[in-house]
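Here the structure comes first, spelled out in structure tokens, and everything after it is commentary.
The values are calculated or read from the model by the stated rules, or taken from the named source; none is laboratory data. Just so it is clear, the structure is predicted and the values come from calculations on it, not from any experiment. Positions of Cβ are generated from backbone atoms using ideal geometry, with glycine treated the same way; all protein chains shown enter the neighbour counts.
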Amino acid sequence: MSEKKLDGKIPLESVLLKFKENNKKFRDNLEREEQGERIETLDSITNDIKATKISTTLKTNQFINEIKGGLGDKVRSNPNGIKFIKKKWYKRFGDYMKKIFTKF
């Protein structure tokens, strides 16, 4: 080709070289962003797990305290009235038969 046809035009090698450089920069930036997102999501997941563990322990402690408080009211209202509930004979017999047959 003559030099007149290439005046003011960029050669193909330089265009490909710039494309490869820009493509490499784009890939590097994309990978860095993905790694940053992964770190954020892992941190958020671990924080969520910690929060659920803490809330679960708090709720169980509240539930236990409510049960203790409720039982305490009944005992305080009738301290000498402990009543044993005796099962009826057929209920005891049925439980005894279940024990026998479940052993085998």
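Looking at the stretch 8-22, which of its residues are of a type in the set (A, V, I, L, M, F, W, C) and surrounded by 10 or more Cβ atoms within 10 Å (Cβ to Cβ)? If the condition is that a residue be of a type in the set (A, V, I, L, M, F, W, C) and surrounded by 10 or more Cβ atoms within 10 Å (Cβ to Cβ), then VAL15, LEU16, LEU17, PHE19 are the ones that fit. List every residue pair whose Cβ atoms lie under 8 Å apart, where the two residues are 6 or more positions apart in sequence or sit on different chains, the first residue falls within the stretch 74-87 and is surrounded by 10 or more Cβ atoms within 10 Å (Cβ to Cβ), and the second residue, located anywhere, is modelled with pLDDT of 75 or more and part of a helix (DSSP H, G or I). So the pair list comes out as LYS87/ASP95. Taken together, LYS98, LYS5 contain a single residue that is in a helix (DSSP H, G or I) and modelled with pLDDT of 80 or more, which is LYS98.
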